[in-house]
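Following: one structure in C-alpha cells, then a few remarks.
The values are calculated or read from the model by the stated rules, or taken from the named source; none is laboratory data. A quick note: this is a predicted structure, and the numbers were derived from the prediction, not measured. Here the Cβ positions follow ideal geometry from the backbone for every residue, glycine too, while neighbour counts run over all protein chains shown. Just so you know, the surface numbers come from the protein's heavy atoms only, side chains and all, with ligands and any DNA or RNA stripped out. Shrake-Rupley method; radii C 1.70, N 1.55, O 1.52, S 1.80 Å.
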Amino acid sequence: MQEELLLTPGPTPVARRTYQAMSQGIFGHRTNRFKALSADIQNKLQPLFGTDHPVAVLTSSGTSALEAAMVNLVDDGDSVVIIVSGVFGGKFADIAGRYNFKVHIYDVTWGQAADPEAFREYLNGIDNLAAVFTQACETSTSVLHPLAELSKVVHDYKEDALFIVDAVSALGGADIHMDRDKIDCLVSGSQKAMMLPPGLAFVAVNDKALGKINRSAHGRYYLDLKMYFKSLEVDYTPQTPAVTLYQGLDDVLNMIHDETLEQVYVRHKNMQKMLRRGIEALELELLVKEEDASPTVTAVKSSPEEIAHIKDDLENNYHIAVAGGQKDLAGKIIRIGHMGFMFPKDMLAILSALEDILSRLRNKNYYGKALTAAQESLYEQA
C-alpha cells in the first residue's frame, strides 16, 4: 500500500528522524535534563523568530497563541484593528469579539494582500489604538502580506501601538524576522512549516510588548504569558509541557540549523515557483498574483466540477492529500501546501498526477508539460 503524500497546508509531513526523536522515552519536566533541553531549544528557536528574546512555548494549538497574544496585550476598552483577508483573519476577529475591546475590521478582498497605503488611510481617526493584528500568510487564500510595510504604517500612526502577526502557516518557510520587520509580537504553531505534529504554540515578543504584558490587568491563567516568560528565566515551563514534542522540536531546529535559514527560505521559494509554473502549464488559474503569493501554500482555481474531481482523484488514485477552499472559496479552489519537511521532488509528484488527471478529464494531452515548466523554473534558480 502506498503511503499518503500529505500536501495540505497543515498538518504537514514529519521526518522519520523527528518521530524517532520523539520516541526516545518520556522523562520528567522538572529535571535538569528538561532544563538543558529547554535552554538548547531557546538558543535555536530565537533566530528562527528573528529575536534575541525568549520565546514562550505553550502546549496547545496555534489558536491558543492567537488568543494569548490578544488577552495579554490588549486591555478592556482598547481599540484593536484586525486585518481580515480570509478565514484566519476572521478567526482573529472572532477571538477579539469575545472580549470587551473596540474591534475595527479592515476588510481585504480575498486573494489579495493588504495595501499599506490604503491601510494608512483606514487608520486615520481610530482613537486609543492598542494593536493591529494580521496574518503573515492567510492560509485560506495563500496570500502573503507585506509585514514590514504594514508595521511601518502602524508605528507611524501611533508609536506605542503593537503590531501582532499570526505566522502559523509562514514561520519556518517565509522570510520573517521580528527585529528587522519591526513586529512586536509573533505567534506560530508546530504543525505547519515547523515540521511537527500539532500540539505546540509559540509566542515571541519584543521589549515593548513584554512591558504591556507585565502591566496588563486581564484575568487569565493558562494563557498568562507572564508565567511563561518568568519560567523561561530558569528554563522551565509553568505547566506540564508536551515533553515528546519538545524532543521533536529540538530535532527540527537542528535540521533547520544544518540546512541554514537562508537555504530553508530558498527551498520554499523554489517549490512555490515550480508549482505555480506547473499549474499555469496545465491551464489552471492561480488565485493569487505572483507578488502576493506565499512560499508555503498555493491556491488553484477551476470550475467546481473540476475542483471536486481533482481533489477526489488525487486522494483516491494517487494517495495525495490537498485541501479544499473554505467559506467563500468552498468548492472553488484547492490549496496545495509546500512547507516544512517538503522538497522539490514532492512538487514533481503532484504535478505528474495532475497531468494525468487533467489529460483524462479534458481529453487533452498535458503529459510532460507541467513537469517541464516546473523543472525549467528550478533550473533557472540554480
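Does segment 262-270 contain any residue that is farther than 20 Å from Leu7 by Cβ and not β-branched (Val, Ile, Thr)? The answer is yes, given that some residue of segment 262-270 is farther than 20 Å from Leu7 by Cβ and not β-branched (Val, Ile, Thr). Taken as a whole, the structure leaves Ala39 outside the set of residues that are in a helix (DSSP H, G or I), surrounded by 17 or more Cβ atoms within 10 Å (Cβ to Cβ) and hydrophobic (A, V, I, L, M, F, W, C). Among the conditions (1) touching a Lys or Arg at 6+ places or on another chain (Cβ under 9 Å); (2) modelled with pLDDT of 95 or more; (3) open to solvent by 40 Å² or more (accessible area, probe 1.4 Å), Asp115 misses just one, which is (1). Selection of segment 342-382 for residues being surrounded by fewer than 17 Cβ atoms within 10 Å (Cβ to Cβ), polar (S, T, N, Q) and touching a residue at least 60 places away in the same chain (Cβ under 8 Å) yields Thr372, Gln381. Just one of (1) open to solvent by less than 10 Å² (accessible area, probe 1.4 Å); (2) not in a strand (DSSP E or B) fails for Phe133. It is (2).
Conditions tested, residue by residue: (1) open to solvent by less than 30 Å² (accessible area, probe 1.4 Å); (2) more than 27 Å from Gly368 (Cβ to Cβ); (3) among the hydroxyl-bearing types (Ser, Thr, Tyr); (4) more than 23 Å from the chain's Cα centre (by Cα).
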{"position": "Asp258", "(1), (2), (3), (4)": "no, yes, no, no"}
{"position": "Tyr265", "(1), (2), (3), (4)": "no, yes, yes, no"}
{"position": "Gln272", "(1), (2), (3), (4)": "yes, no, no, no"}
{"position": "Arg276", "(1), (2), (3), (4)": "yes, no, no, no"}
{"position": "Leu284", "(1), (2), (3), (4)": "yes, no, no, yes"}
{"position": "Glu290", "(1), (2), (3), (4)": "no, no, no, no"}
{"position": "Asn317", "(1), (2), (3), (4)": "no, no, no, yes"}
{"position": "Asp328", "(1), (2), (3), (4)": "no, yes, no, no"}
{"position": "Gly331", "(1), (2), (3), (4)": "no, yes, no, no"}
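In the list Asp156, Asp127, Asp160, which residue meets the criterion of being surrounded by fewer than 17 Cβ atoms within 10 Å (Cβ to Cβ), not in a loop (DSSP other than H, G, I, E, B) and not assigned by the TED database to the domain that holds Met342? Steps first, answer last, please.
Numbers: Asp127 fails: not in a loop (DSSP other than H, G, I, E, B); Asp160 fails: not in a loop (DSSP other than H, G, I, E, B).
None of the other options fit; the residue is Asp156.
Filtered by the rule that a residue be touching a residue at least 24 places away in the same chain (Cβ under 8 Å) and in contact with a Pro (Cβ under 7 Å, 6 or more places away or on another chain), segment 219-233 gives Tyr228, Phe229, Leu232. The number of residues in segment 55-87 being closer than 21 Å to Gly199 by Cβ and part of a loop (DSSP other than H, G, I, E, B) comes to 2.
In the set (1) in a helix (DSSP H, G or I); (2) open to solvent by 10 Å² or more (accessible area, probe 1.4 Å); (3) in contact (Cβ under 8 Å) with a residue 40 or more places away in the chain, Tyr236 fails one condition alone, (1).
Condition check: farther than 21 Å from Ala93 by Cβ and of a type in the set (Gly, Ala, Ser). Does Gly125 satisfy that? Give the derivation first.
Working: farther than 21 Å from Ala93 by Cβ: no; of a type in the set (Gly, Ala, Ser): yes.
When the stated conditions are applied, Gly125 does not pass them.
Residue under question is Gln112, and the condition is that it be touching an Asp or Glu at 6+ places or on another chain (Cβ under 7 Å), assigned by the TED database to the domain that holds Arg215, of a type outside the set (A, V, I, L, M, F, W, C) and not in a loop (DSSP other than H, G, I, E, B); does it hold? Explain how you work it out, then say what you get.
On the way: touching an Asp or Glu at 6+ places or on another chain (Cβ under 7 Å): yes; assigned by the TED database to the domain that holds Arg215: yes; of a type outside the set (A, V, I, L, M, F, W, C): yes; not in a loop (DSSP other than H, G, I, E, B): no.
No.
Among the residues of segment 253-276, not a single one is modelled with pLDDT of 95 or more, part of a strand (DSSP E or B) and touching a Gly at 6+ places or on another chain (Cβ under 8 Å).
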